[in-house]
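Heads up, the thing below is written out as structure tokens.
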Amino acid sequence: MLARVRRRFRLLVVGVVLVVVGLGYAYATGIILPREGPLQWSSSTSSGASGLVDPNQPFSFGLLQDVTNRAHESATIDSIEILAATPGLHLVGAYVVPSGAAPGVGFARGYPPPLAPHDRRPVAGTVVDPGKSIDIVLGFIVIKPGRFVFRGVRLVYRVGFTRFRATYPIVMSACAPIAEYVREQVPVPWTRC
């Protein structure tokens, strides 16, 4: 009887250890990440923009501005991704500049855009010091005619040994080809484009 209780207790301990190790692994590898974190975007509401583009011609989108590190330690960005993207819209690059260091991009032809600063850095690996802010510019390409949208940007980053996943509600719409929409001779609102 006592042997049976000891065996069950050992099985219980092994089970608990396996669950704890499994959760630790999932957290360390990014499968489970805390939400948001100290990299805060200054916009309290979602924002967006639209533009006319031609297929297979890169363009830039830069409305993700003033992302500030509110932690007391540096934050290191691991990755960036666009959310809910229309098939055919491809992220071809992303760079970071200190906030206010360069003119805002908005929506521009070319990636990097013509006035991009020479001291821009790739998003992945960027370190944002405490209290500092960055602007992020994304580069895209569409591969066919149509309307293309994404509905958010996610940054995965770490502060010390803690990893975070922050989602920013920013929307972009791109319509291709330009000639198809210019022919209408009326402004195309971003909600339709």
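For (1) hydrophobic (A, V, I, L, M, F, W, C); (2) in contact with a strand residue (DSSP E or B) (Cβ under 9 Å, 6 or more places away or on another chain); (3) at pLDDT 95 or above, each residue gets a yes or a no:
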residue: PRO114; (1), (2), (3): no, yes, no
residue: ASP119; (1), (2), (3): no, yes, no
residue: THR126; (1), (2), (3): no, yes, yes
residue: PRO130; (1), (2), (3): no, yes, yes
residue: VAL137; (1), (2), (3): yes, yes, no
residue: THR162; (1), (2), (3): no, no, no
residue: THR167; (1), (2), (3): no, yes, no
residue: ILE170; (1), (2), (3): yes, yes, no
residue: PRO177; (1), (2), (3): no, yes, no
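Does segment 57-64 contain at least one residue that is at pLDDT 95 or above and polar (S, T, N, Q)? Within segment 57-64 (the criterion being at pLDDT 95 or above and polar (S, T, N, Q)), the answer is yes, since at least one residue qualifies. Can you tell me which residues in segment 113-128 are in a loop (DSSP other than H, G, I, E, B), over 11 Å from PHE61 (Cα atoms) and either out of contact with any Ser or Thr (no Cβ under 9 Å at 6 or more places or on another chain) or not aliphatic (A, V, I, L, M) (or both)? Once the filter is applied, which keeps residues that are in a loop (DSSP other than H, G, I, E, B), over 11 Å from PHE61 (Cα atoms) and either out of contact with any Ser or Thr (no Cβ under 9 Å at 6 or more places or on another chain) or not aliphatic (A, V, I, L, M) (or both), segment 113-128 yields PRO114, LEU115, PRO117, HIS118, ASP119, ARG120, GLY125, THR126.
I need the full set of residues from segment 77-101 which are part of a loop (DSSP other than H, G, I, E, B), in contact with a Gly (Cβ under 9 Å, 6 or more places away or on another chain) and under 21 Å from TYR168 (Cβ atoms), in order please.
LEU83, ALA84, THR86
Give segment 91-112 a look and list any residue that's in contact with a Ser or Thr (Cβ under 6 Å, 6 or more places away or on another chain), within 21 Å of GLY51 (Cα to Cα) and at pLDDT 80 or above, or say none. Walk me through it before giving the result.
Going through segment 91-112, the residues in contact with a Ser or Thr (Cβ under 6 Å, 6 or more places away or on another chain) turn out to be 96, 99, 105, 108, 111.
Within this subset, residues satisfying the condition of being within 21 Å of GLY51 (Cα to Cα) are 105, 108, 111.
Within segment 91-112, ALA108, TYR111 qualify.
Restricting attention to segment 75-109, report how many residues are of a type in the set (Gly, Ala, Ser) and surrounded by fewer than 15 Cβ atoms within 10 Å (Cβ to Cβ). So the answer is 6.
The values are calculated or read from the model by the stated rules, or taken from the named source; none is laboratory data. All values reported here derive from a predicted model rather than from experimental measurement. Cβ sites come from the backbone with ideal geometry, for glycine too, and all protein chains shown count toward neighbours.
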